[in-house]
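Trainee: I'd like to ask some things about the structure below.
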Amino acid sequence: MSDIAQDRRNLLIATSAAGAVAAAATAVPFVASLTPSERARAAGAPVEADVGKLQPGEMMTVEWRGKPVWILRRTPEMLAGLAGHEDRLADPGSADSLQPDYTVSRHRSINDEYLVVIGICTHLGCSPSEKLQPGKASGLGEDWPGGFLCPCHGSIFDLAGRVFRHQPAPTNLEIPPHKWLSATKLLIGDDGSGNTA
């Protein structure tokens with residue numbers, strides 16, 4: 001191969017390498033621009049949650065639209081206890097509460113084991129505290145079934161986010177639109193039907 005041919009070949013290789021580097025340098029910011037920014041997430045972009053490490057009886061919090069969304073993995077005992085106090089609830093069937101149609105049941109969930117609820121009291125917007133243990137251990141009395149207590153004005157909610165009667169909170173805790181992407185991945189803010197509010 002002559003020196004001129006070798007120079008052309010080296011120039012072609014160098015030009016191709018420079019073009020590939022330039023293409024990658026252009027593609028990386030472009031692809032990054034397709035993912036929602038923190039501002040977009042705060043404005044309402046859907047949020048993924050991985051519940052794979054959540055043990056029965058544990059709760060985690062993710063943020064969606066600037067609000068805390070609680071994901072509680074309920075034990076069989078917690079689920080069984082939901083039927084025992086419905087006569088004490090203001091809206092046991094969730095007829096007057098804000099939630100997607102697919103969560104209107106005693107469990108208020110797609111997968112009964114997991115409660116997905118916005119952790120903001122429907123009275124004046126305080127964030128209730130966890131009082132998951134039933135009975136005397138909760139500090140709420142022997143007949144407490146487990147749930148949440150709003151520290152601001154005393155509203156109490158059960159382990160499905162349903163409000164008890166004669167409380168300041170007018171409705172049950174809100175359920176956001178959501179869907180399961182896999183056995184352990186949850187998408188909050190989009191349920192696949194166009195319902196994002």
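The values are calculated or read from the model by the stated rules, or taken from the named source; none is laboratory data. Everything numeric in this text was worked out from a predicted model, so none of it was measured. A quick note on method: Cβ atoms are made from the backbone with ideal geometry, for glycine too, and the neighbour counts reach across all protein chains shown. Note: accessible area is taken over every heavy atom of the protein model, side chains too, but ligands, DNA and RNA are not part of it. Shrake-Rupley method; radii C 1.70, N 1.55, O 1.52, S 1.80 Å.
Trainee: Loop-only GluC sites (Glu not before Pro) in segment 78-143, please: DSSP not H, G, I, E or B, and at most 11 other Cβ atoms within 10 Å.
Mentor: On the way: sites: Glu86, Glu113, Glu130, Glu142; in loops: Glu113, Glu142.
Sites meeting the loop and neighbour criteria: Glu142.
Trainee: Ok, one more. For Thr75, list long-range residues whose amide hydrogen, built 1.01 Å from N in the peptide plane, is under 5 Å from its own amide hydrogen.
Mentor: Amide H neighbours of Thr75, under 5 Å, 5+ apart: Gly57.
Trainee: Compute the angle between helix 3-34 and the longest alpha-carbon principal axis of the chain, please, reported from 0 to 90 degrees and rounded to the nearest 10.
Mentor: That works out to roughly 20 degrees.
Trainee: Let me ask you something else. Considering Cα pairs under 8 angstrom that are at least six residues apart, work out the relative contact order of segment 95-197 and quote it in whole percent. Mind dumping the intermediate values first?
Mentor: Working: 189 pairs, mean separation 25.1, N = 103.
Result for segment 95-197 is 24 percent.
Trainee: Let me know the Rg and Dmax you get for the chain when you use only its Cα atoms, in Å.
Mentor: Every Cα atom of the chain included, Rg and Dmax give 25.2, 95 Å.
Trainee: Please work out how much accessible surface Ile188 shows to a 1.4 Å probe, ignoring ligands, DNA and RNA, in Å² rounded to 10.
Mentor: My reading of the accessible area for Ile188 is about 0 Å².
Trainee: Roughly how many percent of the accessible protein surface of the chain is carbon and sulfur, given a 1.4 Å probe and a whole-percent answer?
Mentor: The computed percentage sits at 56.
Trainee: On to the next question. Which of the trypsin sites (Lys or Arg not before Pro) found in segment 42-127 are loop residues per DSSP with 10 or fewer other Cβ atoms within 10 Å of their Cβ? Please report the intermediate quantities before stating the final value.
Mentor: On the way: sites: Lys53, Arg65, Arg73, Arg74, Arg88, Arg106, Arg108; in loops: Lys53, Arg65, Arg74, Arg106, Arg108.
Hits after loop and neighbour filter: Lys53.
Trainee: Here's another thing I want to ask about it. 222 nm [θ] for the chain, helices only, -39500 (n - 2.57) per DSSP H run of 4+, per residue, to 500? Provide the component values of the computation, followed by the final result.
Mentor: Details: 3 runs with 44 residues, N = 197.
Helices in the chain give a 222 nm mean residue ellipticity of -7500 deg cm²/dmol.
Trainee: What net charge is computed for the residues neighbouring Arg88, neighbours being all others with C-beta under 13 Å from the C-beta of Arg88, Lys and Arg scored +1, Asp and Glu -1? Provide the component values of the computation, followed by the final result.
Mentor: On the way: positive: Arg162, Arg165; negative: Glu86, Asp87, Asp91, Asp143, Asp158.
Counting the neighbours of Arg88, the net charge comes to -3.
Trainee: Roughly how big is segment 95-197's charge dipole about its Cα centre, with Cβ charges of +1 (Lys, Arg) and -1 (Asp, Glu), in debye to the nearest 20? Let's see the in-between values first.
Mentor: Numbers: 8 positive and 11 negative charges, 25 e Å.
Approximately 120 debye in magnitude.
Trainee: Under a 1.4 Å probe, what is the accessible area of the chain per residue, stated in Å²?
Mentor: Values: 10750 Å² over 197 residues.
So the chain comes to 55 Å² accessible per residue, rounded to a whole number.
Trainee: Now for a separate question. By a straight-distance test (C-alpha under 16 Å), which aspartates and glutamates pair with Lys136 as possible cross-link partners, with residues fewer than eight away in the same chain excluded?
Mentor: Within the straight-line cut-off, Lys136 pairs with Asp158.
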